[in-house]
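**Q** I'd like to ask some things about the structure below.
Read the figures in this text as sums done on the coordinates, not as results from a lab. A quick note: this is a predicted structure, and the numbers were derived from the prediction, not measured. Virtual Cβ from ideal backbone geometry, glycine too; neighbours counted across all protein chains shown.
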Amino acid sequence: MKITIQKALEQDVESINIIEQESFKTPWSYQSLFEDICQTELAYYLTAKTEDRKVIGYIGMWHVLDEAHITNVAVDKDHRKIGVGTALLKALIDYSKEAGIKRMTLEVRENNVYALKLYENLGFVSYGKRKGYYQDTGEDAVIMWKELFGPTGKPEDIF
């Protein structure tokens, strides 16, 4: 399947919201997604679209100083495990490098083995945990970092 990765547009918010609601136990609201995508200058979102322009995935981040904080990544349930998440994350990494961002960070549920593997495969390194970070389950979050311009990309190079 051929997919296109492009900057999220206002007309994509409804489709992004549907994927968000299907993907997370505690999803963001439509209004929060709309504000982040359409009104927040620090936010940057990408979508993955099929040849017929259907949104099948998205990724978002906040650009703060020289860092990117990945806020959310989700793929439509019918298009998972075929490389859409990887394509989105690679595109966001490329954008971040072009934007002069030095490092990227995110939190991921400690039991989300698929997401952990995706991030590790693209050079993110576990740096610690946030105890009880996810209020819906009390689950810990793994804090991951990726150094975009450092010598080794290891956490000790970040700080």
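**Q** In debye, nearest 20, what is the charge dipole magnitude of the range 1-50 about its Cα centre with +1 on Lys and Arg Cβ and -1 on Asp and Glu Cβ, if you could check? Display every interim value, and only then the final one.
**A** Details: 4 positive and 8 negative charges, 61 e Å.
Approximately 300 debye in magnitude.
**Q** Further, regarding this structure: Testing the spin-label approximation: label points 7 Å from Cα along Cα→Cβ at Gln11 and Asn112. State their distance in nm.
**A** 3.0 nm
**Q** Taking every DSSP beta bridge with both residues inside the range 14-132, roughly what % is antiparallel (nearest 5)? Don't skip to the end; give the middle numbers.
**A** Working: 15 of 18 bridges.
If I count the DSSP bridges inside the range 14-132, around 85 percent turn out antiparallel.
**Q** Same structure, new question: Quick one: angle between helix 13-23 and the longest Cα principal axis of the chain, in degrees between 0 and 90, rounded to 10, please.
**A** Helix 13-23 sits at roughly 60 degrees to that axis.
**Q** Evaluate the relative contact order of the range 1-101 (contact order divided by residue number), counting alpha-carbon pairs under 8 angstrom at least 6 apart; express in whole percent.
**A** Numbers: 158 pairs, mean separation 27.1, N = 101.
Relative contact order here is 27 percent.
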